[in-house]
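A.B. asks: Pasting a structure below so you can have a look.
The values are calculated or read from the model by the stated rules, or taken from the named source; none is laboratory data. Only a predicted model underlies this, so the values are computations on that prediction, with no experimental measurement involved. Reconstructed Cβ throughout: ideal geometry from the backbone, glycine too, with neighbour counts over all protein chains shown. Ligands, DNA and RNA are stripped out before the accessible areas are found, and what is left, the full protein with its side chains, is counted by its heavy atoms. Shrake-Rupley method; radii C 1.70, N 1.55, O 1.52, S 1.80 Å.
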Amino acid sequence: MHKVFIDGAAGTTGLEIAARLEGRSEFELITLDDDRRKDTAARREALNEADVAILCLPDDAAREAVDLIDPAGGTRVIDASSAHRTAEGWCYGFPELVGRERVADARRVSNPGCYPTGFLALVAPLVKQGRLPADWPYTINATSGYSGGGKAMIAQFEQDGAPALQSYGYSMAHKHRPEMKAHAGLKHGVIFAPSVVPAYRGMIVEVPLHLGAMEGEPTADALHEALREFYSDSAVVSVRESAGVDKLVLEKDATPSDAMELFVFGNEGGWHARLVARLDNLGKGASGAAVQNLNLLCGLPETAGLALPSA
């Protein structure tokens, strides 16, 4: 049995991780009473008692939590914040991209962000294979459910007068941008245009491409086939056929899902493309990814406890 402590268990991500671990005999959850959740001494004790600590905290608090862990001890860490996603000495917790063995062997794992999960799933394999250029000025258009914005945004969207759509990130300095550039191996920072809609969970991430302007003029069909082959052994990520698909939707009351679907849409001739990822921002975009990484760290089946479609 593996002892797990979720630091920040009362937040949205922490609650969903706990729900996925409920009833699993492989794990023993270390919990703190409400009056001790923010007590530094109690947290230090729990962090160092755990075989695996999962940090569901703001960035500064996640860094503090890591400092509370005895480096000579046995605690391994999964950080769901953005504090360590490009930090030296941390494994980027995207098993399909970095390799399952690398995650399984790591002591410090940084969970990918929700938007970067969609972008990187689409672009990183194609850049690594040389099918898309590393020096292209990529743009990302993305729409998410409001649960990813934390308690304040959840309250905003669950009261009367909630917006139909809220676009943001106009400073061009969104904290996900360095992560996307680094882990896709890009030479330029991306232009990222995120927005939020009144659906609790779900996310659509799109990367439009003018393939005809690229050297070698890659085609949409070739990109689709490359992604299909790359994810052929994944039970979490699937590459869907785009024929006959003329719309993608987010359901307002969608059930939790830890899967991710990828699409490649192309025009006649294939010189224009729209690469699209659809996922649950709280699933593969957060809590589901943490449980997937936890399974690997503990030598368990990668998909145990995950909400995935039936084969």
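A.B. asks: Tell me which GluC sites (Glu not before Pro) from segment 1-76 have a DSSP coil assignment and no more than 12 other beta carbons within 10 Å of their own.
C.D. replies: Taking segment 1-76 and a limit of 12 other Cβ atoms within 10 Å, the loop GluC sites (Glu not before Pro) found are 22.
A.B. asks: For the pair residue 159 and residue 100, what calculated FRET efficiency results from E = 1/(1 + (r/R0)^6), where r is the Cβ-Cβ distance and R0 = 41 Å, to the nearest 0.05?
C.D. replies: Numbers: r = 42 Å, r/R0 = 1.04.
Once the sixth-power term is evaluated, E becomes 0.45.
A.B. asks: Could you state the accessible area per residue of the chain in Å², with a 1.4 Å probe and every protein chain left in place?
C.D. replies: The answer is 46 Å² per residue.
A.B. asks: Roughly how far apart, in whole Å, are the Cα centres of segment 59-91 and segment 9-30?
C.D. replies: One Cα centre to the other: 19 Å.
A.B. asks: Give the angle, between 0 and 90 degrees and rounded to the nearest 10, that separates the Cα long axis of helix 114-128 from the longest principal axis of the Cα atoms of the chain.
C.D. replies: That helix lies at roughly 50 degrees to the long axis.
A.B. asks: Follow-up. Would you count, across the chain, every pair of lysines whose alpha carbons are under 26 angstrom apart, provided the pair is eight or more residues apart or spans two chains?
C.D. replies: Taking the chain as the scope, the lysine pair count is 16.
A.B. asks: May I pose another question? Excluding ligands and nucleic acids, what accessible area in Å² is computed for residue 242 using a 1.4 Å probe, to the nearest 10?
C.D. replies: The accessible area of residue 242 comes to roughly 30 Å².
A.B. asks: Let me ask something else about it. In square nanometres and to one decimal, what's the mean projected area of the convex hull around the Cα atoms of segment 164-260? Present the calculation step by step, with values, prior to reporting the outcome.
C.D. replies: Numbers: hull surface 34.4 nm².
If I average the Cα hull's projected area over directions, I get 8.6 nm².
A.B. asks: Something else about it: Any idea how far apart residue 22 and residue 251 come out in nm if each label point goes 7 Å out from Cα toward Cβ?
C.D. replies: Each label point lies 7 Å from its Cα, and together they span 1.9 nm.
A.B. asks: With charges only on Cβ, +1 for K and R and -1 for D and E, what is the dipole size of segment 1-92 about its Cα centre, in debye, rounded to 20?
C.D. replies: Dipole about the Cα centre, nearest 20: 180 debye.
A.B. asks: Report the GluC sites (Glu not before Pro) located in segment 82-176 that are in a DSSP loop and have at most 12 other Cβ atoms inside 10 Å of their Cβ, or state none. Working shown, then result.
C.D. replies: Numbers: sites: 88, 96, 101, 158; in loops: 88, 158.
Passing sites in segment 82-176 are 88, 158.
A.B. asks: Show 12, 75 ordered by accessible area, largest first, where the area counts protein heavy atoms only and the probe is 1.4 Å.
C.D. replies: In descending accessible area the options line up as 12, 75.
A.B. asks: Let me ask something else. Based on DSSP H runs of at least 4 residues, each adding -39500 (n - 2.57), what is the mean residue ellipticity at 222 nm of the chain after dividing by all its residues, to the nearest 500 deg cm²/dmol?
C.D. replies: -8500 deg cm²/dmol
A.B. asks: Also: Using only Cα atoms, find the angle between the long axis of helix 12-21 and the longest principal axis of the chain, and express it within 0 to 90 degrees, rounded to the nearest 10.
C.D. replies: Result, in degrees: 80.
A.B. asks: Which length gain, in nm to one decimal place, applies between residue 139 and residue 232 when the Cα-Cα distance is subtracted from 0.36 nm times their residue separation?
C.D. replies: 30.8 nm
A.B. asks: On a 0 to 90 degree scale, rounded to 10, what angle separates helix 59-68 from the longest Cα axis of the chain?
C.D. replies: So the helix axis and the longest Cα principal axis differ by about 40 degrees.
A.B. asks: Specify the inter-centroid distance of segment 239-311 and segment 139-214, based on alpha-carbon positions, in whole Å.
C.D. replies: Using only Cα atoms to place each centre, the spacing works out to 16 Å.
A.B. asks: In the P(r) worked out for segment 1-127, what percent of Cα pairs fall beyond 21 Å?
C.D. replies: Values: 3165 of 8001 pairs.
Value for segment 1-127 (Cα pairs over 21 Å): 40 percent.
A.B. asks: Still on this structure: Given a cut-off of 32 Å, what percent of all Cα-Cα pairs of the chain lie beyond it?
C.D. replies: 26 percent
A.B. asks: Hand me the trypsin sites (Lys or Arg not before Pro) from segment 228-297 located in a DSSP loop with no more than 12 other Cβ atoms within 10 Å, in residue order please.
C.D. replies: The qualifying sites are 247, 252.
A.B. asks: Can you give the accessible area of residue 35 in Å² (nearest 10), computed on protein heavy atoms with a 1.4 Å probe?
C.D. replies: Taking all protein chains as shown, residue 35 has close to 130 Å².
A.B. asks: Roughly speaking, to the nearest percent, how much of the chain's 1.4 Å accessible area is carbon and sulfur?
C.D. replies: On the way: 6960 of 14280 Å².
On the chain, the fraction of accessible area on carbon and sulfur atoms equals 49 percent.
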